[in-house]
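Below is one structure; the comments refer to it alone.
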Amino acid sequence: LILGLLNRLDITQILRVDSRTIYVGHRACPANEAFIPPKFCDNRIVSSKYTVWNFLPKNLFEQFRRIANFYFLIIFLVQVIVDTPTSPVTSGLPLFFVITVTAIKQGYEDWLRHKADNEVNKYPVTVLEDGRRIRKESEKIKVGDVVEVEEDETFPCDLILLQSSRDDDTCFVTTASLDGESNHKTHYTVPDTEKDLESLNVIIMWSQSLGPENLLLKGATLKNTQKICGVAVYTGMETKMALNYQGKSQKRSAVEKSINAFLLVYLCILVSKALVCTTLKYVWQSKPGQDEPWYNEKTQREKDTNLYLKMFTDFLSFMVLFNFIIPVSMYVTVEMQKFLGSFFITWDKDFFDPEIKEGALVNTSDLNEELGQVEYVFTDKTGTLTQNNMEFIECCIDGFQYKYRDASSELDGFCVTDGPVIYLDKWEELFLRALCLCHTVQVKESTEQKVLQPPQEQRGFIASSPDEVALVKGAMRYGFTFLGLESKSMKILNRNNDVEMYELLHVLNFDPVRRRMSVIVRAKSGDTLLFCKGADSSIFPRVRQEEVERIRMHVERNATEGYRTLCVAYKYLNAEEYAQADAGLREARLALQDREEKLMAVYNQVETGMSLIGATAVEDRLQEEAAETMEALQGAGMKVWVLTGDKMETAKSTCYACRLFQRNTELLELTVRTLEDGGRRREERLHELLLEYHKKAVQDAPPVKAGVTRSWSLTNQDYGFIIDGATLSMVLNSSSESNSSRYKNLFLQICQNCTAVLCCRMAPLQKAQIVKMVKNSKGSPITLSIGDGANDVSMILEAHVGIGIKGKEGRQAVRNSDYAIPKLKHLKKLLLAHGHLYYVRIAHLVQYFFYKVGETNAHVTLLQSQRLFGPLYDAAYLTMYNICFTSMPILAYSLLEQHICIEVLLDNATLYREIAKNGMLRWGPFLYWTLLGVFHGLLFFFGVRYLFSNPALQDNGQVFGNWSYGTIVFTVLVFTVTLKLALDTRHWTWINHFVIWGSLAFYVFFSFFWGGIIWPFLRQQRLYFVFANMLSSVSAWLVIILLILLSLLPEILLVVFRKPRGPHARQIAAVTPLSYKHLKERQ
């Protein structure tokens, strides 16, 4: 069986031409044909980054691309090769530790991705081979295999439908795992297919083009069909679902970029210090007698060494001596903080959903702090904002509003709420018949016996749109039940339990341009009627204008309440009118050229002069707390963009229901409809509208309020922007490159001044294009994308932070996301609480490390200005300082600190703005913390030097040496930085107490232990009994205590005497010592 697939129609409007010839069932090629079997990829889906074989080299390559890691690798090699004053252990051990911790973390996260991939790739499927059914793993499917899929199973690859168990050779499919839509889509078998697929006795060749109606996409689910057989045409990473994924790129947080910028400053300082010291060394040695004193004569090898080589090695020695300026241990702590901190999201009980019995999932812990910096949120609509579960709310018939009353009443379920209590027999029944007949709904087949048929109230319906099912069920509540379609006859059970038969003559299908659909039916009485339903803007111009005013008020009110509204109209067709319409429709459907245009012309001709009956209001139920979540995000200063493939009216009503659009919001619409209104060329009209909207939303807008850190003003919140996919393509891909750039800038400026933006009729890759455009705009704002389906994967991968929602069906979005949550409502706590706290914690962690570096750098520099060679501290102290003595308190702080309690963060979304734009890691706070460290370092150095002005500090007159000097300074240093962190801690737990006081106790114990034993592996016992002798001096005790108090006294006074201001002063005051920045908004 040969299948020539000439054109593959990509229903996302991103055309991909792919011609391939497939031998179905892998039959041998006929001898008279020259055919080289092409190689196709297997059916594996890969979302992981590493394999067992490439993990080590690839991971090491990625890690050594970091400036700090590569720098310490060079320093370590220099220490090994060149004779330097410090041991290679001082840089090698921390480097090995950070590389190992990072590799373990990234390996664990990638193992979770492998585990998720294996669930898909190892899924058992049925394949027909040589007339036998064989169970295979999904990854072993090859192009050309005939695959059998049963009801409620997902398609393992892209299939062409060959055979269906249904008599009409169709099958029904839901794409909830792809786009979140739970409605049933109809697909058709390829015509004239051999039914006996198991034997494959007949060879048939199709030469016609196959369309999307024959293609079953990977990830979709078979519904209301017992089983189908299809041939695999696209597998693995060539399936449409995989092609809509964009390549994975390494995501780096704004904090990491700030750290690299700060490190470059310190690297410049380090190189400068090494150059100055090398120069001064050779200037000093140039003096007579200094180059080779009598006590340090040069060897012959040293005399023969090239001068420039010796200068270079001396420069490297100074680099090694001062290498503590670059804190490699900060990277260790940051990696551990990110990895361990991610578990707090996983463990959060508020994220647990009892329905699916799962909580949140963290796929990438590198972006925890980025959750606190989000400026733009891009969200899908169907399945993310809404449940895609429609419910009939009310209707309006002849100007009167009716709501359903559960209890029986004198109106048989109707409740007239704004009109006289009268029984409108004619209009009511005509309206309900219209709802029962004007649709493409089918009654769901029952596999059980007729005796066990469900009652009418629980009858199952399937349709291509959930709106139609809601309307049919709404009519059923009021006594008119649709029984099904048999042989072109539609059966209705009326209020009197009589079955009415209508012959279905024509269906005028819905399309997004007309925005309406109609049916032509013939009653038993012989009357021919046309029933039409559609959007109000599409129906009102085609009915009598005196009927419109009675309905318009209800439609507008329902629309502003977030309901999806449809108007219903009808028309009697006499024999001549029907004959003319019938002939026109048949002729247009048989046309080989311009078929769509001809059909449209006939539709428009028939659908005129109708009578308006009424209107319906259907609610697309929002996700739990969707409106409150969107309101909180906007209150936090985030811009929310809705990106959906749905039609504009539906998406607009959802935006109203989610409070993204308010009643006073002026909507700026840039769609195909508005481009065609002016009667000009589309591009001219596009340019005109962009300029008009730019003037209205940007130029005429009030100026941004001073002191607001964001790029928008809270006072200008009365514009909403709507654009569709076709118009967006014109904006991004204009015929002129200069125009395209100008359109893009105008478009972005308009959107940035709007409260919310709605992008409808979007293809998956267009969603990613929008995210990329905003991400690369001026200021490089932090973006977040959230979705639940496979069509959201591309924008999830493109955004700085990608979040997947764990739906009931399909996990493509979850597997490719950075974070996964069960419900949309959990996004509020994830950003406003977890994101806020993670950012503040890691920002303080980074500032704290640069504060420590500033301290050690200051007094070591001063000491080296007097003694050109030799370290101030013992190598053991240098190694243990950042690994053991001061690492655990800051790690505990960065995991547990809550400067503002979570309840306050959730109640006051505006607090999120205070850390916007990486506010705590700008150059101001960086300089403050660095200068604070330098000040403390100077204080320690001159304080201890003043003590040493009288070297006889012990009772027996024994003097203190240089190692005692360094040990006293180091003791003050360790106690000060630890107690400084204790002063900054606002949320104390037993862990904080344990690590802070335990670290100080460990330092004292280690100093006694290290200096109290003669270690056989040490060449020099530098600290032998130095610490014990130091503590035997009262003067040393006094200096240590005084220096610690003097250094921390300003901090203590600041905490005690600062008067907090503002409505949330008690909670906010705690953040001030962390960031040292004045927030004007708070005042």
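Some notes on this structure:
- Highest mean packing first, where packing is the average number of other Cβ atoms within 10 Å per residue, the peptides 919-928, 581-590 line up as 919-928, 581-590.
- With θ taken as phi - 60° and the Karplus curve 6.51 cos²θ - 1.76 cosθ + 1.60 applied, the whole-hertz 3J(HN,Hα) list for the range 725-730 is x, 5, 5, 4, 4, 5 Hz, x standing for glycine and proline.
- The length gained on full extension between residue 1052 and residue 280, counted as 0.36 nm times the residue separation minus their Cα-Cα distance, comes to 273.8 nm.
- For the range 722-797 versus the range 116-156, the gap between their alpha-carbon centres in whole angstrom: 38 Å
- Burial order of peptide ranges 832-844, 102-114 (average beta-carbon count within 10 Å, highest first): 832-844, 102-114
- Two-site label geometry, residue 1001 and residue 486: point separation in nm, points 7 Å out along Cα→Cβ: 8.6 nm
- For residue 272 and residue 61, the difference between the fully extended length at 0.36 nm per residue and the C-alpha to C-alpha distance is 73.1 nm.
- Under 5 Å, built H, 5+ apart or other chain: amide partners of residue 220: 155
- Packing, as the average of other Cβ atoms within 10 Å across residues, places the peptides 120-133, 466-479 in the order 466-479, 120-133, highest first.
- At an R0 of 60 angstrom, the distance between the Cβ atoms of residue 572 and residue 54 translates into a FRET efficiency of 0.25.
- Scanning residues 5 or more positions from residue 378 or on other chains, those with amide H under 5 Å from its amide H are 641, 784, 785, 786, with H placed 1.01 Å from N in the peptide plane.
- Using the Karplus relation 6.51 cos²θ - 1.76 cosθ + 1.60 with θ = phi - 60°, the per-residue 3J(HN,Hα) values for the range 331-344 come to 5, 4, 5, 4, 5, 5, 5, 5, 5, 6, x, 5, 5, 5 Hz, with x marking Gly and Pro.
- One chain, two ends: residue 927 and residue 527. Fully extended at 0.36 nm per residue, the span grows by 135.4 nm beyond their Cα-Cα distance.
- Phi-derived couplings, Karplus 6.51 cos²θ - 1.76 cosθ + 1.60 at θ = phi - 60°, listed residue by residue for the range 831-847: 8, 6, 9, 4, x, 4, 5, 4, 5, 4, 5, 6, 5, 5, 4, 5, 4 Hz, with x used for Gly and Pro.
- Cross-link pairs 652/695; 744/767; 639/696; 58/251; 122/767; 115/772 - those with Cα-Cα distance over 21 Å: 652/695; 122/767; 115/772
- Amide H contacts under 5 Å for residue 613, placed H, 5+ residues apart: 568, 569, 570
Since every read-out is calculated from the coordinates, none of them should be taken as a lab result. Note that this is a predicted model, so its numbers are computed, not measured. Every residue, glycine among them, receives a Cβ derived from its backbone with ideal geometry; neighbour counts consider all protein chains shown.
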